[in-house]
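The values are calculated or read from the model by the stated rules, or taken from the named source; none is laboratory data. Small disclaimer: the values here were computed from a predicted structure and weren't measured. Backbone-built Cβ (ideal geometry, glycine too); neighbour counts: all protein chains shown. Remember, those area values only see protein heavy atoms, side chains included, never the ligands or the DNA or RNA. Shrake-Rupley method; radii C 1.70, N 1.55, O 1.52, S 1.80 Å.
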Amino acid sequence: MLAELKWALLVIGLTLAFMLQPLLVMASPLEAELGGYIAAGVDHYGAFHDEDGKQSTTRGVLRNARVELELAWGKRWEAELDGSYKIEGDKKELDLGDAYLLYDGPSRFEAQMGRFKEPFGLERLTSYASLNTSERSLVTSAFAPGRSTGVMAGRYRKRGTWSLGLFTDEPDGGSTRAITARLTRAVIRSESQTLHLGAAASFRDLGDSRFQIKDEGEVFSADNVIRSPRFDARDAWLAGLEAAWLSGRLTLTAEAMAQEVRRTNGVRWQFSGAYLQASLFLTSDQRHYHRGEFDRVEPRNRAGALELVARHSAVDLRQRGVGAEASVTLLGLAWYLNTQFQVRLNYLLPDITGNTLMDNPDGNAITLRSVLRF
């Protein structure tokens, strides 16, 4: 915890230092906005999600209590600084979220430096407060990188985006250095429908560190029961394809990801996964798309918006007879009272083959989340 706090203070100090430089030479007034969200709820799951094989577990969770400070000055400069607090069973975690400085240039060109999400994966880049499920898919959680420290440049237009960045997790105690890029195109973009296509790739120097994919199977407070083989790794290639179709009240989303990891002895191991998700508003509402990502739902009437969700996600983490193959089928309901408050209820049906941590990998799960923005 002390190391995390030292790192948080260091990043905050560096971010403020970068911010002060343009402020000293610009006469435009500084604009500041403080916001965030609280996401909390309950997880109930069976033996599948418990490495000790406990038949029934119910836990209250504080999924995320997040505070966001957004700054803007002039027409070109922006900055953001976030902090979050999570309670996962007996585990409590204080985390630094985004801490970056952004230059918004002409023709939708942007340059960014600090700590932020790497440009990989439609679902990963969608804010947690804008999701329609309790957790991101098994595939995104297992493969898509999250926040790292780095520099990135890109162009973000209505019909297409590109972004390229250099990243490292060394300040967080890791040894990874990465080059990550993403390209998207809205091949159809109209008031009635949108067809989004995208691709991303990342080369990751792992520095001969210990590598293993571990995942809790879309239940935040569960154990990491879905695992790949574990070994020392030299580097890795990560690739992803994404597609989304929005037509009125219907949204279809699909992503596929693959990773090739080179061990320190030169042997290459491959892992992969994919998910397909469909959602349908029962009310006269629809999801919106903006510059390669999904926007927050804005209900059209006082009773709010109601959305049905179904998703199947599967990963293959088994190589040379070691590791697991797993899938999770999700049925869900999301209710948006307004842009500030929503409730998500999910029923999960998991399955696993190959190496397992528990003797009886059985039992479904139910997750409930309430999200309040402020």
| query | Does any residue of region 310-321 turn out to be modelled with pLDDT of 95 or more, in contact with a Lys or Arg (Cβ under 9 Å, 6 or more places away or on another chain), open to solvent by 30 Å² or more (accessible area, probe 1.4 Å) and over 20 Å from residue 123 (Cα atoms)? | reply | no
Counting only residues in region 171-201 that are under 21 Å from residue 261 (Cα atoms) and assigned to a loop (DSSP other than H, G, I, E, B), the one modelled with the lowest pLDDT is identified as 173
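Let's see how each residue does on (1) open to solvent by 20 Å² or more (accessible area, probe 1.4 Å); (2) among the polar types (S, T, N, Q); (3) free of Cβ contacts under 8 Å to residues at least 24 places away in the same chain:
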| residue | (1), (2), (3) |
| --- | --- |
| 137 | no, yes, no |
| 149 | yes, yes, no |
| 162 | yes, no, yes |
| 167 | no, no, no |
| 172 | yes, no, no |
| 179 | yes, no, no |
| 188 | yes, no, yes |
| 199 | yes, no, no |
| 214 | yes, no, yes |
In region 322-351, residues that are farther than 30 Å from residue 286 by Cα, open to solvent by less than 60 Å² (accessible area, probe 1.4 Å) and either of a type in the set (Ser, Thr, Tyr) or out of contact with any Asp or Glu (no Cβ under 7 Å at 6 or more places or on another chain) (or both) total 2
In the set 299, 361, the lone residue that is open to solvent by 40 Å² or more (accessible area, probe 1.4 Å), in contact (Cβ under 8 Å) with a residue 24 or more places away in the chain, part of a loop (DSSP other than H, G, I, E, B) and in contact with a strand residue (DSSP E or B) (Cβ under 6 Å, 6 or more places away or on another chain) is 361
Counting only residues in region 240-289 that are of a type in the set (Lys, Arg) and not in a strand (DSSP E or B), the one least open to solvent (accessible area, probe 1.4 Å) is identified as 287
